[in-house]
1. Ranked by accessible surface with a 1.4 Å probe, highest first, in what order do F233, F12 come?
2. Please list, in order along the stretch 177-192, the HN-Hα scalar couplings obtained from phi with the Karplus expression 6.51 cos²θ - 1.76 cosθ + 1.60 (θ = phi - 60°), rounded to whole Hz, x for Gly and Pro.
3. Could you calculate the FRET efficiency of K181 with L108 from 1/(1 + (r/R0)^6), where r is the beta carbon distance between them and R0 is 35 Å, rounded to 0.05?
4. Report in % the part of the accessible area of the chain that belongs to carbon and sulfur, leaving out ligands and nucleic acids; probe 1.4 Å.
5. So what's the back-of-envelope 222 nm ellipticity for the chain, counting only DSSP H runs of four-plus at -39500 (n - 2.57) apiece and dividing by all residues, rounded to 500?
6. Is the stretch 137-265 best put as rounded, prolate or oblate by its Cα gyration tensor, with a ≥ b ≥ c the root eigenvalues, rounded for a/c under 1.5, and otherwise prolate when a/b is larger than b/c, oblate when not?
7. Which value results when the Cα radius of gyration for the stretch 1-79 is divided by 2.2 N^0.38 Å?
8. More than 24 angstrom separation, counting every C-alpha pair in the chain; what % is that?
Amino acid sequence: MDKTKLLPIGAFAKLSGTNIKSLRYYDEIGVLPPAYVNPDTGYRYYALSQIHVVDAIQLCLELDIPLKQFPGFLDAQHKQIHYAKLLEQGQRLAQEKIRSIQARLDFLGQVQEDLQRSQQLQQSPENNVFPLPEKACLTLPFAGVQNTADFYHVVGQLYQLAQTLGLPPRFEFGLLAYPEKSPQQYAFLEVDPLGNTPAAIPQLKVLPAARYRFLQTEESCLPNAGQRFPQLFSAPVPQVVMEVEAVVEVGDAASPLFELRSSLP
């Protein structure tokens, strides 16, 4: 190696537009080893051609590609850079980020919609019928009420089940019952079904899109809501009844507001 053509680390840092600390870090993680290290002083030297590697590393950083993946875009001698592979990976990560941001926007839109509906209910309780889209819910039997340790224990089990099944959780969780079919009550967690059906996953229940009658209460009462609020369950008997915590402008964690929903034919 002709050491007269090498640049000391300080000069290389200035020429490549990076800094000495970053170059040392790139060496430590194995993505940009120096062309030569003085065995007596430990001082690092770099070749001019390595400026292109620095440029590729900067591109990695801009594309949010983890630097631990960077060696996969180099040949064994760290001289040839596979830009096509690097850009393809960057595009894939960017698309994943777009999907993640869109999911957050959808979540925020749903919360905003629930808040607006809750405000309408508080202002005009008599105008209490609203449409709801189809919902896919993971369920586990639960006979109690919300805002209790037992309820949150079951909700925790539902989140673990969703993770095991690979079903992304959505916004809502609460209580669910089918008055026409069974006296049994469930705790539920709304999920993205990802094409799965109730036949494939026994705990998965799909609630069809429907109009619901809404009622806000100051305590969780789904087990005996039919007796306490008969107007909510006017004939015919609803196919689905659910209860969730209401989304309000200013919430009280110690005394949440609950929302009963009774499906209409």
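The values are calculated or read from the model by the stated rules, or taken from the named source; none is laboratory data. Keep in mind it's a predicted model, so treat the numbers as computed, not measured. Cβ: placed from backbone, ideal geometry, glycine included. Neighbour counts: every protein chain shown. Keep in mind that these areas ignore ligands, DNA and RNA; they rest on the heavy atoms of the full protein, side chains included. Shrake-Rupley method; radii C 1.70, N 1.55, O 1.52, S 1.80 Å.
1. F233, F12
2. The phi angles translate into 8, 10, x, 6, 9, 7, x, 5, 10, 10, 8, 9, 10, 6, 9, 8 Hz.
3. The calculated FRET efficiency here is 0.55.
4. Carbon and sulfur together cover 54 percent of it.
5. Calculated mean residue ellipticity at 222 nm is -11500 deg cm²/dmol.
6. Oblate is the answer for the stretch 137-265, as a/c is 1.5 or above yet b/c matches or exceeds a/b.
7. Relative to the rule-of-thumb radius for its length, the stretch 1-79 sits at 1.05.
8. Cα-Cα pairs of the chain separated by over 24 Å account for 63 percent.
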